[in-house]
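Everything below concerns the one structure shown next.
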Amino acid sequence: MIEVVAKLGRGPVFLAGEVLECVITFTNPLSASSTSASSEMLAWASAQIHCQFHASENRVALPPSDGSKHDVQAENETVFVPNRGERGQCILSTPPKILFCDLRLDPGESKSYSYCETLPVDGPPSFRGQSVKYVYKLTIGCQRVNSPIKLLRVPFRVLVLHGLKDYQFPQDEAVAPSNPFLEEEEGLKKDSRLADLATELLMVATSRRSLHLYNISNTRGKVGTFCIFKTVYKIGEDVIGTFNFSEGDIPCLQFSVSLQTEESIQEEFQRRRGQPVSFTVHARHQESCLHTAQSSFSLPIPLSSTPGFTTNIVSLKWRLHFEFVTSGESAGTCLVRGSQSEAVTWTGLEQMEVDTFSWDLPIKVLPTNPILASYVSQFSSTNSITI
């Protein structure tokens, strides 16, 4: 028996273009209750990153793919096929790397190997939607002599920030920030600078503030105004907005604001022409606001959510969805007098005519620092298998 443990050093979330580093340890455990122990032999071990794409057959019409080569390989248990038994199509993969050949482990002995690979910048982000899914995995395949291949899959999350692949790093390392007390490999040094560059680009893009004022009105008149200071956010931030109903001609009884994603399939891949768009609500605020002059809301963008993106098959956009309930009568008739005595009591109407209308405000949501997103990731940094 051999235990295989794979550990992602920095966590299970990465930016496209970063270097993924995983330490794989092979151990021949020595049990205290065992009366006899023998050496174990592994023929080989390889590792490869791949992205699986899965689409809902009811919503997405994909062109037929030529998977005959993969089908033949999948039947051969001596061939390393990282996506063997996986659902969907493998749309992206890195070249496989051999970790070792002919490894012998004595009882109680273990050996570790480091796997490093740059994540492709032209791939889609990790996404689990209602119509499509993009799932990234690092698959480690190993085989004992005269035994079938065993696969250890390490799922991880990929965030895509557009513009990183077009950035050219300075050739003169003397002017680049560095720590003279640390010896860094060239690949890790560039990877570190890539993460710093991404953080800087995100900060610049999401820190710009300018006042956006919108008049809220229906067919009968003005209800109020809405104010928001920016429309570009990172996942993990709060979307904050304020309402001013004091200048409105139509009384607003209630409003609700929903933070939503809009998942739409490109027209050429739609199962039915004109099929509806899929919406997902991530946060919602609802409030009764009759005789309220001003109000506000704060909606958090979950760190586990996917920033907006577009591929040749699907598009994901973010928006704020507003719903307003206004009075169909004048403001003075919203309350009635309950007593003619000196102590006057005012009570609300049991029934009244109302009007409802909605409004959508598009916003832009970008990724965040992958280390921050790792804290709430559903994936584990350590995975293991016994062969």
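The values are calculated or read from the model by the stated rules, or taken from the named source; none is laboratory data. Values in this document were obtained by computation on a predicted structure and should not be read as measured data. Quick reminder, even Gly has a Cβ in these numbers, built from the backbone with ideal geometry, and neighbours come from all protein chains shown. Quick note on the areas: whole protein, heavy atoms, side chains included, nothing else; ligands and nucleic acids left out. Shrake-Rupley method; radii C 1.70, N 1.55, O 1.52, S 1.80 Å.
If you take every residue apart from THR206 with its C-beta less than 10 Å away from the C-beta of THR206, what net charge results, scoring Lys and Arg +1 and Asp and Glu -1? Overall, the nearby charge balance is +4.
I need the trypsin sites (Lys or Arg not before Pro) found in the range 269-331, filtered to DSSP loop residues with at most 13 other beta carbons within 10 Å of theirs.
Numbers: sites: ARG271, ARG272, ARG273, ARG284, LYS317, ARG319; in loops: ARG271, ARG272, ARG273.
For trypsin sites (Lys or Arg not before Pro) across the range 269-331 that sit outside H, G, I, E and B with at most 13 neighbouring Cβ atoms in 10 Å, the list reads ARG272, ARG273.
Using the average count of surrounding beta-carbon atoms within 10 Å as a protection proxy, the listed peptides 116-126, 96-106, 11-21 rank, highest first, as 11-21, 116-126, 96-106. For the range 243-311, with all protein chains in place and a probe radius of 1.4 Å, 43% of the accessible heavy-atom surface sits on carbon or sulfur.
Take the cross-link list LYS111/LYS137; LYS7/LYS234; LYS137/LYS364; LYS133/LYS317; LYS133/LYS364; LYS97/LYS133 and give me the ones stretching past 19 Å between alpha-carbons. Mind showing how you got there, number by number?
Details: LYS111/LYS137 23 Å; LYS7/LYS234 28 Å; LYS137/LYS364 28 Å; LYS133/LYS317 16 Å; LYS133/LYS364 21 Å; LYS97/LYS133 26 Å.
Distance filter (> 19 Å) returns LYS111/LYS137; LYS7/LYS234; LYS137/LYS364; LYS133/LYS364; LYS97/LYS133.
For the range 357-387, applying the loop criterion from DSSP together with a ceiling of 16 other beta carbons within 10 Å to the chymotrypsin sites (Phe, Trp or Tyr not before Pro) yields TYR375.
Just add up the charged neighbours of GLU86: K/R +1, D/E -1, any other residue whose Cβ is under 9 Å from the Cβ of GLU86. Can you show the working numbers first?
On the way: positive: ARG84, ARG87, LYS137, ARG153; negative: none.
Combined, the nearby Lys, Arg, Asp and Glu give +4.
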